[in-house]
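Report on the following structure.
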Amino acid sequence: MLPKTDALLVVRTDFSDQERWQVVRDSLGDIDKDGWADEFSDQVHVVEDPAYQGLTAEQIAALLPDGYRDPILVIADKVTVESQEMPFLVILLEYIWGMRVIAPELPGIHANLSIANMDFGEYAESADEDGVFRGFRD
């Protein structure tokens with residue numbers, strides 16, 4: 001099971017390159033020794049357990065503790081680690097529907113979905129042709 005928390009979970013599933021992972025992790029903002037990210041006002045908890053290596057979104061969602069409140073889950077997988085832009089896989093838990101999102105856009109998506117100001121589809125529709133959401137274009 002994933003840890004019980006009121007925070008948005010970011011789960012690492014790729015352990016192939018520790019140096020590159022540090023760059024990915026740093027893209028989330030300052031993270032303390034317990035996995036809490038200051039960038040999201042302590043609303044993000046990073047899970048770095050090799051037990052989750054290679055798991056799919058469906059497998060990870062099945063490990064969420066009862067009472068997990070966030071509408072989304074964030075996965076740092078092989079694509080995240082290997083890509084220059086480090087797009088995280090963001091999963092809408094209601095449907096296990098995902099899209100890639102660059103780190104600077106995660107706080108806005110998290111905030112807007114948490115208060116139901118926007119829905120996941122609005123972000124997905126605004127993703128670029130490669131399926132990565134990089135922000136809304138004017």
Quiz item: Among the residues of the range 79-95 satisfying the criterion of being at pLDDT 95 or above and among the acidic types (D, E), which is surrounded by the most Cβ atoms within 10 Å (Cβ to Cβ)?
Solution: E85
Quiz item: Out of all the residues in the range 93-138, which are free of Cβ contacts under 8 Å to residues at least 40 places away in the same chain, outside any loop (DSSP other than H, G, I, E, B) and among the aliphatic types (A, V, I, L, M)?
Solution: M99, V101, I109, A111, A124
Exercise. Out of the residues in the range 3-25 that are of a type in the set (D, E) and either in a loop (DSSP other than H, G, I, E, B) or in contact with a Ser or Thr (Cβ under 7 Å, 6 or more places away or on another chain) (or both), state the one that is surrounded by the most Cβ atoms within 10 Å (Cβ to Cβ).
Key: D14
Quiz item: What number of residues in the range 67-92 are closer than 17 Å to V23 by Cα and outside any loop (DSSP other than H, G, I, E, B)?
Solution: 10
Practice problem: Working only within the range 96-119, note down all residues that are closer than 15 Å to L73 by Cβ and either surrounded by fewer than 18 Cβ atoms within 10 Å (Cβ to Cβ) or modelled with pLDDT under 95 (or both). | Solution: I96, W97, L106, I109, H110, L113, S114
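The values are calculated or read from the model by the stated rules, or taken from the named source; none is laboratory data. Predicted model, so just to flag it, every value in this text is computed and none were measured. Cβ: placed from backbone, ideal geometry, glycine included. Neighbour counts: every protein chain shown.
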